[in-house]
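Heads up: the structure comes next, in C-alpha cells.
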Amino acid sequence: MTSETGGKPQLRFGQVVIGPPGSGKTTYCQGMQQFLTSLGRKVVVVNMDPANEGKPCSCAVDISDLVTLDDVMENLKLGPNGGLLYCMEYVETNLDWLESKLAQYRDCYFLFDCPGQVELYTHQHSVKNIFSQLAKWNFRLTAVHLVDSHYCADPAKFISVLCTSLSTMLHVELPHVNVLSKMDLIEQYGKLAFNLDFYTEVLDLTFLLDHLAADPFFKKFRRLNEKLAEVIQDYSLVSFVPLSVQDKESMIQVLRAVDKANGYCFGDLEERNLQAMMSAAVGADFQFSSALGVQEKYVETSAKTVEEEIMQL
C-alpha cells in the first residue's frame, strides 16, 4: 500500500458502517455508493460481514472469500454469535489478505459494510484492532453508526440506544457520526413525545425521564434511568443526524458530517469552495434547520393544542 514515488502509504478516505442488525447498513452502503458516484468519487464497497449473503450492491472486496459464518458454525460447532466473533478474530489474524485486496484500488473512497453484532463494538477487540490497522495503512475513516429512528418513539429504547452509541464511540476510537436511519418509518410504532431536534441533539433528558415515569413498569426504575441519563449527559458526546436513504437532502447532511469528521472536506481531491470549507472549519453547519426539515417531511403534525399536549404528558 505504498505510493510509487516513495515509501509513504497513500492517503485514503472512507466510512466504516456499523450498527445493530436490521438498521439498514447494507442499504446505506448501496445508497451512499450511488450518491458518491454521482458526485464523481470512485467508490469501493468492502463487505466485512461474513454472514452477509444477500448483497444488493457489488462488493469489490468480500470478506466471505476468506471466511464465512456458515463454514465456521458447521466445522467448529459454534452458534451464530460465537461464530461471528471467531470470524472477526480470524480476519484479524489474516490482515495481510485484507491489505493485498485493498492495495488493488487507488484513488478511491471506501465503504466498509461491517457486521451487526453489538458486542463487536462494545466489548470485543478484534474489530477495533482491524480499524486501528487500517489507520496505520493511512486510511482516514469515520464510523457511521446507524440506529433505527423508530426507537425515538419509545423513551426506554431511546435511552438504551444512547447508552449503546456512547459505549461504541468510546470503544471503537474513531471519528464518529451517529445516524437515525429509516426516517420515513420514524412513527411506525408510536408518536414522538417531543420535536425531532430533542432526539437528534439529545437535549435535557430529564424531560424524557418524566415521560418514562408515566409508565408503571418503568416507574420503579426511575433512579437507574436517572443515573444512565447522567452518564450520557456528562460525556455529552452523542448526537444524531436524521437520514432517509431516498432523500437527497438528508444524504447530503450525513455526507457533510462524515467528510468533516475524517477530514475529507479539507483535502484537494475534488473541487470545493471557500465558504464550504470555512463552514466546516468553524462548525457553522447547524443541525436544527436540517432536523426541522426532516420533521416536516416525516413526522405527522399533531392537531392538538399545546394545552392538550401538556395535559396528556
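Residues in segment 187-227 that are among the basic types (Lys, Arg) and over 13 Å from PRO155 (Cβ atoms): LYS220, ARG223, LYS227.
Every residue, every condition in (1) at pLDDT below 90; (2) in contact with a strand residue (DSSP E or B) (Cβ under 9 Å, 6 or more places away or on another chain); (3) not in a helix (DSSP H, G or I), yes or no:
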site: ARG41; (1), (2), (3): no, yes, yes
site: ASP49; (1), (2), (3): no, yes, yes
site: GLY54; (1), (2), (3): yes, no, yes
site: CYS59; (1), (2), (3): yes, yes, yes
site: GLU74; (1), (2), (3): no, no, no
site: GLY82; (1), (2), (3): no, no, no
site: MET88; (1), (2), (3): no, no, no
site: GLU92; (1), (2), (3): no, no, no
site: ASP96; (1), (2), (3): no, no, no
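Taking GLN133 and the conditions (1) within 14 Å of the chain's Cα centre (by Cα); (2) at pLDDT 95 or above, which numbered condition does it fall short on, given that it satisfies the others? With respect to (1) within 14 Å of the chain's Cα centre (by Cα); (2) at pLDDT 95 or above, GLN133 is out only on (1). Do we find that LYS191 is outside any helix (DSSP H, G or I) and either closer than 30 Å to GLN34 by Cβ or open to solvent by 20 Å² or more (accessible area, probe 1.4 Å) (or both) in this structure? It is true that LYS191 is outside any helix (DSSP H, G or I) and either closer than 30 Å to GLN34 by Cβ or open to solvent by 20 Å² or more (accessible area, probe 1.4 Å) (or both). Per the listing LYS219, LYS248, LYS227, the residue uniquely within 21 Å of ASN178 (Cα to Cα), open to solvent by 40 Å² or more (accessible area, probe 1.4 Å) and out of contact with any strand residue (DSSP E or B) (no Cβ under 9 Å at 6 or more places or on another chain) is LYS248. Among the residues making up segment 164-188, those that are part of a loop (DSSP other than H, G, I, E, B) and either touching a residue at least 40 places away in the same chain (Cβ under 8 Å) or touching a strand residue (DSSP E or B) at 6+ places or on another chain (Cβ under 7 Å) (or both) are GLU173, LEU174, PRO175, LYS182, ILE186, GLU187.
Residues of segment 137-163 that are surrounded by fewer than 19 Cβ atoms within 10 Å (Cβ to Cβ), touching a residue at least 60 places away in the same chain (Cβ under 8 Å) and part of a helix (DSSP H, G or I): ALA156, CYS163.
The values are calculated or read from the model by the stated rules, or taken from the named source; none is laboratory data. Quick caveat: nothing in here was measured; it's all calculated off a predicted structure. Don't worry about glycine lacking a Cβ; one is built from the backbone with ideal geometry, like all the others, and counts go over all protein chains shown. Surface areas here come from the heavy atoms of the whole protein model, side chains and all, with no ligands, DNA or RNA. Shrake-Rupley method; radii C 1.70, N 1.55, O 1.52, S 1.80 Å.
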